[in-house]
Every structure is written in structure tokens, then in C-alpha cells.
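Data first, discussion second: the structure below is written as C-alpha cells.
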Amino acid sequence: MKHLWLTILLFASIYGYSQEFLSRIISPASPSYKSNQNPKDFFFEIDTVSLPFIDDFAVNRQKKWQIKDSSKLVVNLFPTLQINGQSFDSLLLKTDTVWNYVYVTQPYFHLADSQPAAQIIIDKYSGYENPQIIDQYFFYPNYSLVTVDFQPYDTIYLPYDTILYNEKDTFYTVKDDNSLWLDNHVFVNYTYGIDPPTIGLATFDGLDSLGHPYALGGLSSGIADYLTSKPIDLENASDVILSFFYQPKGIGEKPDKQDSLVLEFYSPVTRKWYHQWSVPGADYQPFQYQEISITDTIFLKKGFQFRFKNYATLSGAFDFWHIDYVYLDKNRTPSSDFSVYDVGIKSLPAPLIENYTAVPWKHYDYANIKSSDQFDVVNLLNQQPAPFSILTDFAVYQNQNLIYTSVQGADNPSPSVGVWTANIPVASAPNNFSFPTMNEKTEFYIKRYLSISDINPYNDTSLYKQVFDTYYAYDDGTPELAYSLYGAGAQLAYQYDILQSDTITAILMFLPEMLQQTTNSFQLKIWQDNNGIPFDIPIYESDFMNPIYQPSNEEIKFVRYEIDTLLVLPAGKYY
């Protein structure tokens, strides 16, 4: 019989008075961007971005500074030192002044003149392509020239005091990708903001790119995350406007008044950053639209950049700011309302099964497939001239292979409609979809997409990983806040409707790091259902256990807590 796990997120301690509260997470998991390669061996090419510059964070377009596919590397051999444009393997040199001598034989043999030897100038270059001289070194040859009666006579080699080697080095060129940002401090996600313009947003807080606090302990504050654009070509551009949406707090902690969000511009002329806009911290509010005209000629050049940064408490996931739909382009007209020819998905990716995000693969036949898949679509052009047609589809992939494509649905919203709900049949006609029979745990990717030619294709698609493993789960894999229990007798129960009789062997939990990690022990209990609430007496009660915390710089990993009793659960509701 297959073993069954339940996945839940909870924390319980057993001392003091019973209480419950929401807590801030010190280190929610976020992707690691650390590279294992030696950085001196790799040159990452950074292309200048052309207008328009658009990012609504439907996908993460921050630069990845690691090597995944070595077959795409370009190998370059380059000597870093050259003399008069020529490379060399090694040189014997003097650092002290070397003299050349002139002798004459009339009226007797004597020294007539001496001059310092010509210096050897060695240029040091910066890299493997379009090299620039970054330093020069001055030496003398390790020999003296002797001339008699103004005719070359001999070369006297001197003991050298420097051997200079110039072995060719190997460099690996990493071609640029479609990224838009140079750093990766912010957390690109779907869930931390409330009602963003389209799917996806970028969150600023007090954690670095690895999910660690910028400063451990205390409540120190300062600049935390940066989001810096690649160089952009604004040469000869006019009526240039940068616009974006921003929101304080979202579902996280509100930024205090001093915890501002800041925008700066970089001038390739002066090579300096300039403050352009900022907003002080505040409580939650819907996403606000902001646009800034770029008129100063020191910015209207090739190599212009802009960046956002936030001030925050540096000891954890505090003082949340969210931004969305960053749009930079020329020939724009200032407006208090955002309008661009873009139709995109607005809803979060979701499973195709009812009630759970994951069920055991042997229980799949008992799970309910949704009769239809509904998700919100947004039209960002508020001056749409006429009704337009949107084709909606979903596709299913297994092991990177396309195994199903739905029958296309068509929506024809009127120009005045900003948001509407797309409805695609799933288990009902004409698609009548069901997952294929499974003989082992597996996962599918559900791709929802719109067929439309607009300015931004990235928000036309959403992707959801549908897991069939050995557990039931509700979570979406991203913890936003921690729900805590405190005090003797405090208990938390989740209801699970088990679809098929099975043996439960473990409960999987993720316990997030808090400002002060507790080592208080806790118990696991399982109750049967009593008309929608747990029975007073549990059918299972574990010994006291200590919490286990996962490293915060990794993806969310649940900890397995074993059920030490053989426990068969008939189909039905349990807590």
C-alpha cells in the first residue's frame, strides 16, 4: 500500500498562555544566483537595450550570473601584456637605468659618450575583446650596447633582476541573454502584492539575493535592494517617458515613513547617478501609477540607465515595496492614466484539480478535475478603438513533451472592458481533458496562454507545475507570512479529505526562520472528523519533537516528521 503524507505549514509551542498571531519571516526562500565558476575566467557580454523597455515581471528577467550550458561559451586566448603591439612569452629586464656606451680610438682609446638605453614600455590591456590600455610598465633591457668609432661593436648582457612572463590566458565569453536588469536583489514573484496590473511583480525588502538579511540582528536600516537596468540607447530620442506602478506593503509588512522607495537616473556623460523620484513608506494602498519625463540631455544618450532602490530594516523580510509594469519608451504623451497596447493574464497560475494543489498519484482517479479553467485577463489599452478577439488555450506538458492542447476558445471583449474572465472547458466538452494514467509519481506543467499580437508577449502565458506525488497539499510553495501558535494548549488543525484509504507515514512541514528561532518542542496529532470539527480525542499523538529549520538560501524544502505508528486512514475527512 502506498504511503501517504500530508503537507502543512504550522508552528506550535507548549509553554505559557494560548495565543495565535501572524509573524514576519526573516528569510523566505528565494532563488540563489551564486556562481561556482571563477569570475576572472568569464566575461559576460552586456548588450545595450533598445526602446521600448518593458518589464511587467511575468517572468524573471534579472541577469543570471552563472554558467548553465558550457557549450555556448566562446573561448578566447589573449595575452594581457604587449610591446609595440607584439606579444611575448617572457622577457629579461632591468628595473635600474641601463647605459649604452660610445668609445673612440683616436688619439687614444677612451669613453667618448654614454646615454641611457631606451626604455621598454609594456602596455597592460583590460580584456579579450576591444581591449583598452589600463596600465603601463617601464623597464630597461638587460644589456648595454657598446659602439667603437661610432660602429656597432658588441652587446654586453647584464645580470637581469626581473623575469616577466606573459603566458596567454583563456577567457570564456558568455553571450548576453534577454535579461533587462543587471542585478538580482529583488524577489520576482506572483503573490506578495495585491491586485497588480498583470501577473507578476518585483518585491523590495530587507533580504539579499540569497534570502539572507543584509544585517543580522538588531534593527539597523539603510539601502537594501537595488534593481538596475542594463544600459539603454536614448540617443536622438524625444518625448521619452519612464512609467511604473508601485505599492507599499501588499501582503507583507508596511514600510515605515523613513523606508522610502527611490528612483535614480545614470548619465553616461557625467558617469554619475542622480536622484529623480522617491516616495516615503506608508500603509497598504492599491498600485499607484507614476510616470517621469526624461528631458535632460545628459540622459538622452546611449548608455543611459535607471535604478530603483529601497530603504528598509536590514535584518529580515521587512518594509515591503512592490513595483510592476516598468515601461520606458520614446514618443509618449504625458498622462495620468496608463495606456499601452497590451492584453495580459492577471490571475495567478492554478492547478487543474479541485481543492488541492497536489494529491497522491494513486489517488488521482478519485480527484476531481475542474470542469472549466477560469482566469482573469486585462486590457491595458484604455483607448481600444473597436472590439477585438482573444484566443485562449491551455496545454499540458510531461517531461518537456507536449501531451495535450485544448480546443481554442475565443473572447471578444468590448473596448471599454478592462478586466474580464476567460473560461476554457477542461473536463467538459469540447476538451474533456483528464490526466493520463500514472504508474508512479510525476509532474505536469499546465501552460495557459493568449493568442494576440501586442507589445508585451511575456504576460500572455502562465505556467503551473501540477504535482502527483505521495502527499496532499494546499500550499503554493511561497510563504508570505508565518502563522504562529504560542502557549500551553494552543493547537492548529488543517482539514484533509482523503480520497482513498491509505497508510499515513509522515507529515511534511516548512518552519520559517523568525527573528528569534524557538527551540520549544511540539506535538503532531491526527483527529477524525466530527461534523466539520475535530473530535476531542485524537487518533494519533506523537512524542514531543524539536523544530527543524531549512537553510533560507534554498528553495522551500519541507521537513519530514515521521508518524511512528502504523495508521491506516479510510477515505474521509481528517485533521
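The values are calculated or read from the model by the stated rules, or taken from the named source; none is laboratory data. Small disclaimer: the values here were computed from a predicted structure and weren't measured. Every residue, glycine among them, receives a Cβ derived from its backbone with ideal geometry; neighbour counts consider all protein chains shown.
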task = Please go through the range 91-108 and pick out each residue that is at pLDDT below 85, surrounded by 11 or more Cβ atoms within 10 Å (Cβ to Cβ) and not aliphatic (A, V, I, L, M).
result = Lys94, Thr95
request  = Test Ala506 against the criterion of being surrounded by fewer than 18 Cβ atoms within 10 Å (Cβ to Cβ) and at pLDDT 90 or above, and give yes or no.
outcome  = no
Lone unmet requirement of (1) at pLDDT 90 or above; (2) under 30 Å from Gly532 (Cα atoms) for Thr478 = (1)
request  = Working carefully through the options Phe435, Phe468, find the one that is surrounded by 18 or more Cβ atoms within 10 Å (Cβ to Cβ) and part of a strand (DSSP E or B).
outcome  = Phe468
Hey, Pro430 more than 30 Å from Leu51 (Cα to Cα) and modelled with pLDDT under 85 or not = no
query = Out of all the residues in the range 333-347, is one or more in contact (Cβ under 8 Å) with a residue 60 or more places away in the chain and farther than 22 Å from Tyr246 by Cβ?
reply = yes
query = Looking at the range 439-465, which of its residues are assigned to a loop (DSSP other than H, G, I, E, B) and small (Gly, Ala, Ser)?
reply = Ser453
ask   = Do you know which residues across the range 280-313 are over 20 Å from Asn189 (Cα atoms), touching a Phe, Trp or Tyr at 6+ places or on another chain (Cβ under 6 Å) and not in a strand (DSSP E or B)?
value = Phe299
request  = For Ala117, work out the one condition from (1) surrounded by 11 or more Cβ atoms within 10 Å (Cβ to Cβ); (2) at pLDDT below 80 it doesn't fulfil.
outcome  = (2)
task = Being β-branched (Val, Ile, Thr) and crowded, with 16+ Cβ neighbours inside 10 Å is the filter; apply it to the range 361-407 and report the residue that is modelled with the highest pLDDT.
result = Val396
request  = State yes or no: is Gly250 crowded, with 18+ Cβ neighbours inside 10 Å and either small (Gly, Ala, Ser) or free of Cβ contacts under 8 Å to residues at least 24 places away in the same chain (or both)?
outcome  = yes
task = Could you please find all residues in the range 180-201 being assigned to a strand (DSSP E or B) and either buried (at least 24 other Cβ atoms within 10 Å of the Cβ) or not polar (S, T, N, Q) (or both)?
result = Trp181, Phe187, Val188, Leu201
key: Whichever residue in the range 319-360 is of a type in the set (Phe, Trp, Tyr) and assigned to a strand (DSSP E or B) and, among such residues, is surrounded by the fewest Cβ atoms within 10 Å (Cβ to Cβ)   = Tyr327
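Yes/no per residue for (1) part of a strand (DSSP E or B); (2) within 17 Å of Thr97 (Cα to Cα); (3) at pLDDT below 70; (4) not assigned by TED's automatic domain parsing to the domain that holds Ser50:
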residue: Tyr128; (1), (2), (3), (4): no, no, yes, yes
residue: Phe138; (1), (2), (3), (4): yes, yes, no, yes
residue: Thr147; (1), (2), (3), (4): yes, no, no, yes
residue: Ile156; (1), (2), (3), (4): yes, yes, no, yes
residue: Tyr160; (1), (2), (3), (4): no, yes, yes, yes
residue: Ile163; (1), (2), (3), (4): yes, yes, yes, yes
residue: Tyr172; (1), (2), (3), (4): yes, no, yes, yes
ask   = Within the range 202-241, how many residues turn out to be assigned to a loop (DSSP other than H, G, I, E, B) and either within 16 Å of Lys301 (Cβ to Cβ) or acidic (Asp, Glu) (or both)?
value = 10
message = Let me confirm something: among Leu499, Leu569, which residue is modelled with pLDDT of 95 or more and surrounded by 14 or more Cβ atoms within 10 Å (Cβ to Cβ)?
response = Leu569
key: the range 223-233 - residue that is over 19 Å from Gln290 (Cβ atoms) and hydrophobic (A, V, I, L, M, F, W, C) and, of those, surrounded by the most Cβ atoms within 10 Å (Cβ to Cβ)   = Ala224
note = Given the conditions (1) in a loop (DSSP other than H, G, I, E, B); (2) closer than 23 Å to Ser335 by Cα; (3) hydroxyl-bearing (Ser, Thr, Tyr), every one holds for Thr270 apart from (2)
query = From the set of residues in the range 408-422 that are surrounded by fewer than 13 Cβ atoms within 10 Å (Cβ to Cβ) and touching a Ser or Thr at 6+ places or on another chain (Cβ under 9 Å), which is modelled with the lowest pLDDT?
reply = Asn412
task = State yes or no: is Phe318 in contact with a Lys or Arg (Cβ under 8 Å, 6 or more places away or on another chain), aromatic (Phe, Trp, Tyr), touching a residue at least 12 places away in the same chain (Cβ under 8 Å) and not assigned by TED's automatic domain parsing to the domain that holds Phe204?
result = no
ask   = Is it the case that Asp283 is within 19 Å of Trp321 (Cα to Cα), surrounded by 19 or more Cβ atoms within 10 Å (Cβ to Cβ) and of a type in the set (D, E, K, R)?
value = no
